[in-house]
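A.B. asks: Quick one: structure below, then a few questions.
The values are calculated or read from the model by the stated rules, or taken from the named source; none is laboratory data. Just so it is clear, the model here is predicted, and its values are computed rather than measured. Don't worry about glycine lacking a Cβ; one is built from the backbone with ideal geometry, like all the others, and counts go over all protein chains shown. We work out accessible area using only protein heavy atoms, side chains counted, and drop any ligands, DNA or RNA first. Shrake-Rupley method; radii C 1.70, N 1.55, O 1.52, S 1.80 Å.
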Amino acid sequence: MGTNFKPVILSLFLSLLLFSCTSSAYNVRLVRIGLKKLKLDQNSQIAARFESKNAEAFRASVRKYSLHGNLADSGGPDIVALKNYLDAQYYGEISIGTPPQKFTVIFDTGSSNLWVPSSKCFLSVACYFHSKYKSSQSSTYRKNGKSAEIQYGSGAISGFFSYDNVNVGDLVVKNQEFIEATSEPSVTFLMAKFDGILGLGFQEISVGNAVPVWYNMVKQGLIKEPVFAFWLNRNIKEEEGGEIVFGGIDPNHYKGKHTYVPVTQKGYWQFDMGDILIGDKPTGYCAGKCSAIADSGTSLLAGPATVVTMINQAIGATGVVSLECKAVVAQYGQTIMNLLIAEAQPKKICSQIGLCTFDGTHGISMGIQSVVDENNDKSSNIARDSMCSACEMTVVWMQNQLRQNRTEDYILNYVNELCDRIPNPMGQSAVDCGSLSSMPTVSFTIGGKIFDLTPEEYILKVGEGSGAQCISGFTALDVPPPRGPLWILGDIFMGRYHTVFDYGNLRVGFAEAA
């Protein structure tokens, strides 16, 4: 745990939460898990660019992430997207077996299984660089043998289920089902600081319908209250990473009162979110509500490319030029604007001009409809998909500017500029470190309350002095309806706002971190 190696090929992956095995009481029995962190360095940035070459695998994981249902029933793998971004690793220690075998793990609210490398992992190089579970050395081991596979954004692990006791702090969770990983093919797992992952999501997304560690903590009466909370320390100059508290809430970790919102869909900790504001101006994109999840396993803040592009334009982030976007603006920009001014239904505009089809509630890519035709040219389908997406973004951007009474010339120029700033989902958007003071606040509406993020909180600074680099903390993830639009509120958000996961009342709470 004390080794300070610099990962060479680590994509900004999962945030890792360190555990120091301490516990104390605050009115009721609370189990406190101290957090430490490993800062992002220049090599991590190089690693992110290396991993970004595997963009198609990432897009595939996003598609599955957005469309899968109850995985426990379907038997399919759990998809945990956006585990590719990391500004500071939060890593921690648990133990499995009797006598205890130690492992560093991520405490991830975006997944639900516990897995660690197995001593039976022979063919994956990653296993030789991490601690491995040896069932033969544990007197409390119990055989299961059922196979398992979990697909992440940066790679997959596979193996088989086993049972054993799991120590979390001074808690002993008995007869816990977990995965012994026998294959870890991704370079991310090879270079990562963590050995495995401890999921804190709901059983609905648990691979193999395994009962999560958190459920067994509650069921076995190890904690008094079915609540856990994250306090993350985002001060990069401090080694202390924060604290997870199981069994209650520490009032020293937050200011004021929490704003609670109900869990709308069990699986991830998902809830409804209102509009996003750039500066003090509403974007209108989530005015009718969007879905969001609080995810301790994602370091950045992910959302629809439409709004992320608007944010990156407002903060001066450099993105990736989209030729499809510029083509749509050049050919259809004026027509789209005329239809909006004529008060046409925005959701139907792209189908009216022939770039999308309309399914009764929203536009969908024409390529999706034609994919069943084996004679179709796949490359042309992809092009139509891109044009449809670009059109839908253009409609939202123009609608936003028309609300602000901008002139037509201004709007067309603005949309062309946005085309230049569309972020690559697997890349980074750089900003000028000297411009933080002029960047706007970006705000999120949750439970009717506005939650602000300042530039210092959403910009990630790598390095010191004149050699420092700054990147936008916003990355693109497009999840289509009915599950989307979806926002992933990762450590950037949870660092500013103390986050409570209330399993007993099925709600998530946010308050300003202290």
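A.B. asks: How many of the residues making up segment 80-102 are at pLDDT 95 or above and either acidic (Asp, Glu) or open to solvent by less than 10 Å² (accessible area, probe 1.4 Å) (or both)?
C.D. replies: Taking segment 80-102 first, the residues at pLDDT 95 or above are 95-102.
Of the ones still in play, those that are also either acidic (Asp, Glu) or open to solvent by less than 10 Å² (accessible area, probe 1.4 Å) (or both) are 96-97.
Here the count works out to 2.
A.B. asks: When you look at Thr140, is it closer than 15 Å to Ser124 by Cβ, assigned by the TED database to the domain that holds Gly221 and open to solvent by 10 Å² or more (accessible area, probe 1.4 Å), yes or no? Full working, then the answer.
C.D. replies: Values: closer than 15 Å to Ser124 by Cβ: no; assigned by the TED database to the domain that holds Gly221: yes; open to solvent by 10 Å² or more (accessible area, probe 1.4 Å): yes.
No, not satisfied.
A.B. asks: To continue, here is another question. Collect the residues in segment 285-306 that are crowded, with 24+ Cβ neighbours inside 10 Å, of a type outside the set (S, T, N, Q) and assigned to a loop (DSSP other than H, G, I, E, B), keeping them in residue-number order.
C.D. replies: Matches in segment 285-306: Asp295, Gly297, Leu300, Pro304.
A.B. asks: So which residues in segment 279-314 are closer than 21 Å to Tyr497 by Cβ and more than 21 Å from the chain's Cα centre (by Cα), if there are any at all?
C.D. replies: Within segment 279-314, Gly279, Asp280, Pro282, Thr283 meet the criteria.
A.B. asks: What is the residue count in segment 267-283 for residues that are among the small types (Gly, Ala, Ser) and buried (at least 17 other Cβ atoms within 10 Å of the Cβ)?
C.D. replies: First, pick out the residues of segment 267-283 that are among the small types (Gly, Ala, Ser): 267, 274, 279.
Imposing the further condition that a residue be buried (at least 17 other Cβ atoms within 10 Å of the Cβ) reduces the set to 267, 274.
Qualifying residue count for the region: 2.
A.B. asks: Give the residue that is modelled with the lowest pLDDT, with candidates limited to residues of segment 189-239 that are open to solvent by less than 30 Å² (accessible area, probe 1.4 Å) and of a type in the set (Gly, Ala, Ser). Walk me through how you get there before you give the answer.
C.D. replies: At the first step, the residues of segment 189-239 found to be open to solvent by less than 30 Å² (accessible area, probe 1.4 Å) are 189, 192-202, 205-207, 210, 212-214, 216-217, 223, 227-230, 232-233.
Going one step further and asking which of them are of a type in the set (Gly, Ala, Ser), we end up with 192, 196, 199, 201, 206, 210, 229.
Values: Ala192: 77, Gly196: 91, Gly199: 93, Gly201: 96, Ser206: 95, Ala210: 97, Ala229: 95.
The residue in question is Ala192.
A.B. asks: Testing Thr259 on (1) assigned to a loop (DSSP other than H, G, I, E, B); (2) at pLDDT 95 or above; (3) of a type in the set (Val, Ile, Thr), one condition comes back false. Which one is that?
C.D. replies: (1)
A.B. asks: Being closer than 18 Å to Tyr91 by Cβ and either in a loop (DSSP other than H, G, I, E, B) or in the same structural domain as Phe271 (by the TED database) (or both), is that true of even one residue in segment 203-221?
C.D. replies: Let us first name the residues in segment 203-221 that are closer than 18 Å to Tyr91 by Cβ, namely 213.
Now restrict to residues that are either in a loop (DSSP other than H, G, I, E, B) or in the same structural domain as Phe271 (by the TED database) (or both): none.
Checking segment 203-221: not a single residue is closer than 18 Å to Tyr91 by Cβ and either in a loop (DSSP other than H, G, I, E, B) or in the same structural domain as Phe271 (by the TED database) (or both).
A.B. asks: Identify all residues within segment 461-475 that are surrounded by fewer than 24 Cβ atoms within 10 Å (Cβ to Cβ) and either in contact (Cβ under 8 Å) with a residue 60 or more places away in the chain or among the small types (Gly, Ala, Ser) (or both); write none if there are none.
C.D. replies: The answer is Lys461, Val462, Gly463, Gly465, Ser466, Gly467, Ala468, Gln469.
A.B. asks: Spot the failing condition for Phe451; the list is (1) over 15 Å from Trp231 (Cβ atoms); (2) at pLDDT below 90, and only one is missed.
C.D. replies: For Phe451, the failing item is (2).
A.B. asks: Here's another thing I want to ask about it. Which number in (1) outside the structural domain of Ile341 (by the TED database); (2) open to solvent by 10 Å² or more (accessible area, probe 1.4 Å) marks the one condition that Tyr414 misses?
C.D. replies: (1)
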